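Below is one structure, written out as structure tokens, with a few remarks after it.
The values are calculated or read from the model by the stated rules, or taken from the named source; none is laboratory data. Source: prediction; values computed, not measured. No Cβ is skipped: glycine too gets one built from the backbone with ideal geometry, and neighbour counts run over all protein chains shown.
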């Protein structure tokens, strides 16, 4: 079941999934299978190799793009923004933001991080203290057991004499 005259490549789905979805799939697949313009040589010879991988048959330029089309809408918007002259100065201003704002934000971030580190250290120290206390208790118990054993041995020796 490949395709039909009316629905094209979506004919393989038969009556499943609904007409709207099958129409969208047909549109996407048709756009995906047509040849696109190469960003390097501008020749219309770009074919899709895999999902998101395209190659120009003329200049053998292999590049990444969208899953179905070589240029995504988001990529096109960013390309326009970068090419505009207004974009570059705005970005430079953002990078050269007043140091006071940046340093205040850094100071707050450092304070939060320090507080988190202190609480972690305190928890770690508590755990270590608990372990030490348990070890000391275990040592005391062993010592008391040894003392009891020694006393028992002494009493046995006295009884034997």
Quiz item: Is there a residue being surrounded by 15 or more Cβ atoms within 10 Å (Cβ to Cβ), closer than 18 Å to residue 9 by Cα and modelled with pLDDT under 95 anywhere in the stretch 44-57?
Solution: yes
Exercise. Could you list all residues from the stretch 1-22 that are touching a helix residue (DSSP H, G or I) at 6+ places or on another chain (Cβ under 7 Å) and assigned to a helix (DSSP H, G or I)?
Key: 9, 10, 13, 22
Exercise. Go through (1) farther than 18 Å from residue 73 by Cα; (2) not in a loop (DSSP other than H, G, I, E, B) and name the single condition residue 30 misses.
Key: (1)
